[in-house]
Amino acid sequence: MSEIMICKLENRGVFTISGADSRSFLQGLISNDIEKVSESRTIYATFLTPQGKYLFDFFISQSGDDLLVDCEKNRLADFIKRLRLYKLRAAVELTDRSNDFDVFACWGANVAKDAGLTFEPGAAKPLSGGTLSVDPRLADAGLRVVLPVGTSAIDGLSATPADLKQYDAHRLALGLPDSGRDLIVDKSILLECGIDELNGIDWNKGCYMGQEVTARSKYRGLVKKRLVPVNIDGPTPPAGSFIMAGDKQAGEMRSGTDGKGLALMRLDYLGGDIALTSADNPSTTLSPQKPDWAAF
């Protein structure tokens, strides 16, 4: 049986959204349907520029009357500030709770079943004043856990502590992007990064910030690049460095470690026999892989 691992995600923070207008406030701003969120359902969503470019991605779960937002910690204050620009007279309170909650990832064979959840993205339940969810992007990613600081036990699980490098290896093997490293602020496009297939967009919910551009990209087939896992033979290229096919730029490196990484690749160079190398170190070769969950 595969060992169950648990990692405290030190780079994640939590804020709460409360008040009578919380859901109507969010519905016109985020890419997913806030009405899906309940104590038994967590969602993954994004907040975009009006031009459809990435600004923030996050997870929303429910604890009592509050919505818990799990997002990139070092940009949490900026996210709250941005949301407040749209608050106007809405009955909504946005409160930084990063000192009150920790965020964990937990993965391994049968981890959802052992935690008393169905193996379904977003399946959730309350836990010790926080929430326990199957990762709403991909069930194979394991569990997403938001717990009050000092609370570490998860009923039914005996998990081995892991570090961020081990978690990185796990998510890179699945092809899951990480906020701030794989998704580039004011540049990344959701459909290039697989956010649709990772359950981050609801195509039926109506308007939200950046919706028109995002829908046009989908229905007109305008996507020419994809963020995909790459196997790396040689030193890991630095983030932002070019991936070359001869003298032509085939892609751009994102995060990586120990022979695995993510790269934004031109579709022309996926699935072929063309040798791909790092512009920074031509002795390093890269082999793109299509994730099992990807639909392109």
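Report, for the chain, the % of DSSP beta bridges that are antiparallel, rounded to 5.
Within the chain, antiparallel bridges account for around 95 percent of the total.
Between Asp233 and Lys248, 0.36 nm times their residue separation minus their Cα-Cα distance comes to what?
3.4 nm
Please order Ser133, Ser188 by the number of other Cβ within 10 Å, starting at the fewest.
Final ranking by Cβ density, sparse to dense: Ser188, Ser133.
Which links in Lys87/Lys225; Lys53/Lys73; Lys125/Lys187; Lys165/Lys290; Lys8/Lys53 stretch past 31 Å when you go from one Cα to the other?
Lys87/Lys225; Lys125/Lys187
Which cross-chain or sequence-distant (5 or more) residues have an amide H under 5 Å from the amide H of Arg12, H modelled 1.01 Å from N in plane?
Lys73
Return a whole-number percent for the relative contact order of region 219-276, with Cα pairs under 8 Å and 6 or more residues apart as the contact set.
37
If you average 1/r over all unlike Cα pairs in region 1-57 and invert the result, what Kirkwood radius do you get in angstrom?
The answer is 14.0 Å.
List, in the order given, every pair from Lys81/Lys205; Lys36/Lys260; Lys81/Lys260 whose Cα-Cα distance in the structure shown is over 32 Å.
From the list (Lys81/Lys205; Lys36/Lys260; Lys81/Lys260), the Cα-Cα distance tops 32 Å for Lys36/Lys260; Lys81/Lys260.
Can you pull the semi-axes for region 49-164, root of five times each eigenvalue of the Cα gyration tensor, sorted largest first, whole Å?
They are 28, 16, 14 Å, listed largest first.
If the reach is capped at under 16 angstrom between alpha carbons, list the aspartates and glutamates near Lys218, excluding any in the same chain fewer than eight residues apart.
Filter leaves Glu192, Asp196, Glu197, Asp202.
Using the 10 angstrom Cβ neighbour count as an exposure proxy, how do Asp70, Asp57, Asp186, Asp280 rank, fewest first?
Asp186, Asp280, Asp70, Asp57
Please give the calculated 222 nm ellipticity per residue for the chain, where each DSSP H segment of at least 4 residues contributes -39500 (n - 2.57) and the sum is spread over every residue; nearest 500 deg cm²/dmol?
Computed mean residue ellipticity for the chain: -3500 deg cm²/dmol.
Roughly what would the spin-label model give for Thr151 and Arg89, points 7 Å off Cα along C-beta, in nm?
3.7
Over the C-alpha atoms of the chain, what are the Rg and the largest Cα-to-Cα span, Dmax, in Å?
19.2, 58
At 0.36 nm per residue, and after removing the present C-alpha to C-alpha distance, how many nm does the segment from Lys218 to Ala275 gain when stretched out fully?
The Lys218-Ala275 span can extend by a further 17.6 nm.
Which whole-number percent is the relative contact order of the chain (Cα, under 8 Å, 6+ apart)?
Contact order relative to length: 19 percent.
Taking the Cα centre of the chain as origin, work out the dipole magnitude from +1 charges on Lys and Arg Cβ and -1 charges on Asp and Glu Cβ, in debye rounded to 20.
840
At a threshold of 8 angstrom on Cα-Cα distance, excluding pairs fewer than six apart, so keeping six or more, what relative contact order does region 66-190 reach in percent?
Here the relative contact order equals 21 percent.
Computed from the coordinates by the stated procedures, all read-outs in this text should not be read as laboratory data. What you are looking at is a predicted structure, and each value in this text was computed from that prediction instead of being measured. Neighbour counts run over all protein chains shown; Cβ positions are idealised from the backbone, glycine included.
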